[in-house]
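One structure below.
The values are calculated or read from the model by the stated rules, or taken from the named source; none is laboratory data. Here the structure is a predicted model, which is why all the values come from computation and not from measurement. Cβ coordinates were reconstructed from backbone atoms using ideal geometry, including for glycine residues, and neighbour counts include every protein chain displayed. When the accessible area is computed, the model is the full protein with side chains, heavy atoms only, and any ligands, DNA or RNA have been set aside. Shrake-Rupley method; radii C 1.70, N 1.55, O 1.52, S 1.80 Å.
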Amino acid sequence: MLAITGGKIYPVTAPVIEYGTVLVEGEKIAAVLPGRRVPAGAQVINAEGLTVLPGFIDAHCHVGIMEEIYRQEGDDVNEVTDPLQPHLRAMDAVNPADLAFADALAAGVTTVVVAPGSANVLGGEMVALHTAGRTVEEMLIKQPVGVKAALGENPKRSYGSRSKAPATRMAAAALLREALTGAAVYLEKWRRFADGKGEAPEKDLKKEALARVLRREIPLRVHAHRADDILTALRIAREFDIKLVIEHCTEGYKVADILARHDVPAVIGPVITNRAKVEMKDISLAAAARLEEAGVPFAVMTDHPVVPVQYLALSAGLTLRGGLSETAALAAVTIRPAGILGLADRLGSLEAGKQADIVLMRGHPFDLCSQVVQVLISGRTVYQQQEDPVR
């Protein structure tokens, strides 16, 4: 058994413990207790003067498939040869040696959701990974955690400039409907075959990927900045009765009441960015607070490498300037993304029975001067602060 003792503990789903102990048995948290509780024979990590938190979760980034110091060599984020490619798997393009994984660990980010880009209307499957491991298989938490879709400027720019569809928002929506309709017909053929009423259809990987969405096993995660694009995504989701997550959700605050009414979560960000394109002209630090007030569940993302993954906590901290509470901001990079990913029973808080993904930090997570001292994933130390050789 391992005892992390003497620190200020932020369980996230329970009140802060000013001086307490986290007990770890194997890969799981055994208990979170007030005071110094060290069982006989336990290995001790002295957390005196430190903050103890669950590992941060970046619910939307491109770590491992869009390597920041490379150009074409390390850029595998968009397969711009067909606007409908739901069967692509981000997992197949992840390079575990990408330096961003080490950056993430040093900043306390223990889980990342790696997504295909937004050049295509349907870009492929998103995967949840731990940030430590030699192979993608070692890092894997859940595959898939959604199918990436995109509306708005990006698909238009990618294909319209080549005189191919989609050149308009109408075409993007139509292509998405067409793909979902084809997958629904495919599922019906399989149902009829199971009932002895027809032949089995030929296996179709694109339709298989969307079948998971239509069966509500995973959500359609739609890149949408502008309010009208957000509502188009919602319209299509209601037509097909599928789970929906809005990615970026820049103007989501304008339609927050509608998102809340339909229980649609969002992964917002990047927060530390400029008005990079027209559909981001109304970006606001107050967006998170407005979503919170309306009752929209949301997480904060980096969209790495747009914002480097090591600035996830800083991104969440900046939402305080827009009026979000500290409690909600911390939840937005821990338990909220875990819930959106369907992993809240395993990740996102310090609770008995959950995976021991734990960060020890000197200072508050939203303090610019704070430093991560030690990181554990599944109860094993995967990062230990070393003296900076530049100093």
Checklist line | Accessible area per residue, Å², the stretch 197-239 with all protein chains present, probe 1.4 Å | finding: 49
Check: What residues qualify as long-range amide H neighbours of residue 60, i.e. H under 5 Å apart, gap of 5 or more or another chain, H built at 1.01 Å from N?
Finding: 113, 302, 303
Margin query: Can you give me the long-range amide H partners of residue 141? Hydrogens built in the peptide plane at 1.01 Å from N, cutoff under 5 Å, separation of 5 or more residues or another chain.
Written below: 128, 129, 130
Checklist line | Pairs beyond 18 Å (Cα-Cα), from 254/281; 148/206; 197/243; 148/207; 142/354; 148/243 | finding: 197/243
Check: Which residues' amide hydrogens lie under 5 Å from the amide hydrogen of residue 298, considering only partners 5 or more residues apart or on another chain, with H built in the peptide plane?
Finding: 266
Check: When only the heavy atoms of the protein chains count and the probe is 1.4 Å, how do 203, 164 rank by accessible area, highest first?
Finding: 203, 164
Check: Given charges of +1 on the Cβ of Lys and Arg and -1 on the Cβ of Asp and Glu, with all other atoms neutral, how large is the dipole of the stretch 265-356 about its Cα centre, in debye to the nearest 20?
Finding: 180
Margin query: Please compute the per residue accessible area over the stretch 1-130 with all protein chains in place, 1.4 Å probe, rounded to a whole number of Å².
Written below: 38
Next item on the list: Apply 1/(1 + (r/R0)^6) to the Cβ-Cβ distance of residue 188 and residue 258, taking R0 = 45 Å, and write down the FRET efficiency to the nearest 0.05.
Entry: 0.90
Check: In square nanometres, what is the average projected area of the Cα convex hull of the chain?
Finding: 21.1
Checklist line | Overall form of the stretch 232-381 per C-alpha gyration tensor (a/c, 1.5; a/b vs b/c) | finding: oblate
Item checked: DSSP-loop GluC sites (Glu not before Pro) across the stretch 151-247, with at most 10 other Cβ within 10 angstrom -> 199, 202
Next item on the list: Please give the per residue accessible area of the stretch 262-382, computed with a probe of 1.4 Å over protein heavy atoms only, in Å².
Entry: 37
Check: Based on DSSP H runs of at least 4 residues, each adding -39500 (n - 2.57), what is the mean residue ellipticity at 222 nm of the chain after dividing by all its residues, to the nearest 500 deg cm²/dmol?
Finding: -7500 deg cm²/dmol
Check: Which lysines have a Cα lying under 21 Å from the Cα of residue 203, excluding residues fewer than 8 positions away in the same chain?
Finding: 189
Next item on the list: May I ask you to list the GluC sites (Glu not before Pro) in the stretch 35-100 that are in a DSSP loop and have at most 13 other Cβ atoms within 10 Å of their Cβ?
Entry: 48
Next item on the list: Give me the percent of the accessible area of the chain that comes from carbon and sulfur atoms, probe 1.4 Å, all protein chains in place.
Entry: 50
Check: What shape does the stretch 129-195 have by the C-alpha gyration tensor, where a ≥ b ≥ c are the square roots of the eigenvalues, rounded means a/c under 1.5, and otherwise prolate means a/b greater than b/c and oblate the rest?
Finding: oblate
Notebook entry, point to check: Is the stretch 97-224 best put as rounded, prolate or oblate by its Cα gyration tensor, with a ≥ b ≥ c the root eigenvalues, rounded for a/c under 1.5, and otherwise prolate when a/b is larger than b/c, oblate when not?
Noted result: oblate
Item checked: In the stretch 206-303, the trypsin sites (Lys or Arg not before Pro) that fall in loop regions by DSSP, at most 16 other Cβ within 10 Å -> 215, 216, 275, 277, 281
